[in-house]
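The values are calculated or read from the model by the stated rules, or taken from the named source; none is laboratory data. Note that the structure is predicted; figures quoted are calculated from it, not measured. Note: ideal-geometry Cβ built from the backbone for every residue, glycine included; neighbour counts use all protein chains shown. Quick note on the areas: whole protein, heavy atoms, side chains included, nothing else; ligands and nucleic acids left out. Shrake-Rupley method; radii C 1.70, N 1.55, O 1.52, S 1.80 Å.
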Amino acid sequence: MVKVGLTGGIGAGKSEVSRLLASYGAVVVDADKIAREVVEPGTPGLAAVVAEFGEGVLTPEGTLDRPKLGGIVFNDPEKLKALNAIVHPLVGARSAELEASAGPDAVVVHDVPLLTENGLAPLYDTVVVVDAAPQTQLDRLVRLRGMAEDEAKSRMAAQATREQRLAIADLVIDNDGPLEALEPQVRAVWERLRGA
């Protein structure tokens, strides 16, 4: 088994790289997806988030109001730390379960947005960073995701810097260009991972 850590700043295109790797045969463990699962209604994770942040972070239907919670934590490092202390151990446990169920010859790609911030690089055989210039990230968040520019900047500022991510990279995928320039790079990374 080859354990790969895949990361990149918000708007860098990590999700597209993850999708391509899965299409080639990688077993993808998506930390964002798992982070949503561990705070679904009825879970201990959601109960812990409500205990920490109050009932105001729930929608009328009883699900987590992500935009409201995001507005709280992305402007307050201590509150972000408190949220991470709840969610990260739950995500880690579920990720380990999924990895354990992959075959011995699998390339397991852990799609982890906060890999750099949480010092997780040593957990992986290879760290792949999807890189894009901050201006490219900002443009994608505003134009493609419909975020307000100040919200996008706040989310970017809450993450590691580009330089910090590149410092832990074993392999870098440059995603400053158009989508068609991405696939050949991801294919080349896949070939290297299969040979690892």
Original post:
Is it the case that region 167-180 has a residue that's over 17 Å from Ser15 (Cβ atoms), touching a helix residue (DSSP H, G or I) at 6+ places or on another chain (Cβ under 8 Å) and surrounded by 18 or more Cβ atoms within 10 Å (Cβ to Cβ)?
Top reply: yes
Original post:
For region 181-196, which residues satisfy the criterion of being surrounded by 15 or more Cβ atoms within 10 Å (Cβ to Cβ) and in contact (Cβ under 8 Å) with a residue 40 or more places away in the chain?
Top reply: Leu182, Val186, Val189, Trp190, Leu193
**OP:** Identify, by number, the condition in (1) charged (D, E, K, R); (2) open to solvent by less than 70 Å² (accessible area, probe 1.4 Å); (3) more than 16 Å from the chain's Cα centre (by Cα) that Lys68 doesn't meet.
**Re:** (2)
Subject >> Options Leu115, Leu80; residue that is crowded, with 19+ Cβ neighbours inside 10 Å, closer than 25 Å to Pro44 by Cβ and not β-branched (Val, Ile, Thr) >> reply: Leu115
Subject >> In region 148-166, residue farthest from Ile10 (Cα to Cα) [restricted to those that are in contact with a Phe, Trp or Tyr (Cβ under 9 Å, 6 or more places away or on another chain) and open to solvent by 40 Å² or more (accessible area, probe 1.4 Å)] >> reply: Glu151
Subject >> region 96-112 - residue that is touching a residue at least 24 places away in the same chain (Cβ under 8 Å) and aliphatic (A, V, I, L, M) and, of those, most open to solvent (accessible area, probe 1.4 Å) >> reply: Leu98
**OP:** Pairs only if they're at least six apart or on different chains, beta carbon under 8 angstrom, first in region 20-40 and without any contact (Cβ under 8 Å) to a residue 40 or more places away in the chain, second open to solvent by 50 Å² or more (accessible area, probe 1.4 Å); list them, first residue then second.
**Re:** Glu40/Thr63
Original post:
Which of the residues that make up region 122-147 are surrounded by fewer than 21 Cβ atoms within 10 Å (Cβ to Cβ) and within 22 Å of Glu99 (Cα to Cα)?
Top reply: Pro122, Leu123, Asp125, Thr126
Subject >> Selection within region 13-30 - of a type in the set (Gly, Ala, Ser) and either open to solvent by 20 Å² or more (accessible area, probe 1.4 Å) or at pLDDT below 95 (or both) >> reply: Gly13, Ser15, Ala22, Ser23, Gly25
**OP:** Report yes if Val73 is more than 22 Å from Asn118 (Cα to Cα) and either touching an Asp or Glu at 6+ places or on another chain (Cβ under 6 Å) or at pLDDT below 95 (or both), otherwise no.
**Re:** no
Subject >> Positions within region 31-44 being open to solvent by less than 60 Å² (accessible area, probe 1.4 Å), touching a helix residue (DSSP H, G or I) at 6+ places or on another chain (Cβ under 7 Å) and more than 15 Å from Leu80 (Cα to Cα), in sequence order >> reply: Ala31, Ile34, Val38, Val39
**OP:** Could you check how many residues of region 2-12 are more than 19 Å from Leu166 (Cβ to Cβ) and either modelled with pLDDT under 95 or open to solvent by less than 50 Å² (accessible area, probe 1.4 Å) (or both)?
**Re:** 1
Subject >> Yes/no for Val49 being among the aliphatic types (A, V, I, L, M), surrounded by 15 or more Cβ atoms within 10 Å (Cβ to Cβ) and modelled with pLDDT under 95 >> reply: no
